[in-house]
Amino acid sequence: MKISKIILYEEPTVPEIQIEKIKKFITNTFQIETEIKENFFRTVEDKILEKIATIRVFDLKKQFKKHNPTQEEYLIEKENIDMSEKDIVPLYDGFELQNIISENISITHNELHVIFTNKLIATFDNDDFRYHARAIINSNPTIISTTGIIEAPAKPKQYYLDLMTSFSEDKIKETKEKHKGEFLEYHDSRLNEIIEGYLLQAIVYYETGEVFCKYRECRLFNAHWQKDLFYSQIESKKICDRHLQIISKFRN
């Protein structure tokens, strides 16, 4: 299959997403027609937002079970609140969210839809029987979570060691300041460059069915640590020979 068009859905609560720049990046890299659409969650009916509120995850060690949302939880969906302003970030089952989105957008042949969202998504891992936060859910539609990019890859080990004595608000603030720059924060100026790497992963995955790259230097590398994310997407910013060959086929 060859992708004929990519449709990007904006996330207005994250101004660091430079959507026109991302569109240009896709066009220059793949020579694929790219369209920008309004934020998905601001265009759907209230009943869809109510449905999204039912897929929140509260117990990380239990497989998905629909939740009966409160009025406050529904309003979070209605207002599409900036997650950087929340003390506790809601968690959503990524595959359930993907299903809801898929049911409510029109996907034609060879179109890839990419949903940017500030929602923190997670998937249940049957290897250790718990949910894990994710930056991306591949397939069509693809979901790229800006909150997941910030929260899913681990911070430096020393960051967690420094917090072991206390998890007070003051201690967390002090520790974040000590390690400032070593991990992404909300409204981080580096976010857009890193999103480009996740888009590469999403497009190549949809075209080939292959996930990620084993080489840390490649932008398709699946980083589990923030330091690796910075290395792959900002310091190295390379694409391995194998993935360059795959990308070149889009242009033919």
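Just so it is clear, none of the values below were taken in a lab; they were calculated from the coordinates. For clarity, every value in this text was computed on a predicted model and none was experimentally measured. Cβ sites come from the backbone with ideal geometry, for glycine too, and all protein chains shown count toward neighbours.
Quick notes
- Cα gyration tensor category, rounded, prolate or oblate, for segment 84-127 with a/c compared to 1.5: oblate
- With at most 11 neighbouring Cβ atoms within 10 Å, loop chymotrypsin sites (Phe, Trp or Tyr not before Pro) (DSSP) excluded, longest segment of the chain: 168-252
- Under a Gaussian network description of the chain, with springs only between Cα atoms under 10 Å, the residue in Glu177, Glu73, Glu45 that fluctuates furthest is Glu177.
- Per residue, the convex hull spanned by the alpha carbons of the chain comes to 135 Å³.
- Listed by chain and number, the lysines placed with their C-alpha closer than 18 angstrom to that of Lys173 are Lys86, Lys155, Lys157; residues fewer than eight positions away on the same chain are left out.
- Helices in the chain, meaning DSSP H runs of at least 4 residues, each add -39500 (n - 2.57). Divided by all residues, the mean residue ellipticity at 222 nm is -11000 deg cm²/dmol.
- Rounded if a/c under 1.5, otherwise prolate or oblate - segment 50-144, Cα gyration tensor axes: oblate
- Rel. contact order, % - alpha carbon contacts under 8 angstrom, at least six apart, the chain: 19
- Assigned charges on the beta-carbon of Lys, Arg, Asp, Glu; segment 5-250 dipole about Cα centre (debye): 680
- Farthest positive-ward along the chain dipole, Cα basis, beta-carbon charges - from Asn110, Tyr159, Tyr74: Asn110
- Whole-Hz ³J(HN,Hα) from phi, Karplus 6.51 cos²θ - 1.76 cosθ + 1.60, for segment 34-42, glycine and proline x: 10, 10, 10, 10, 5, 3, 4, 6, 9
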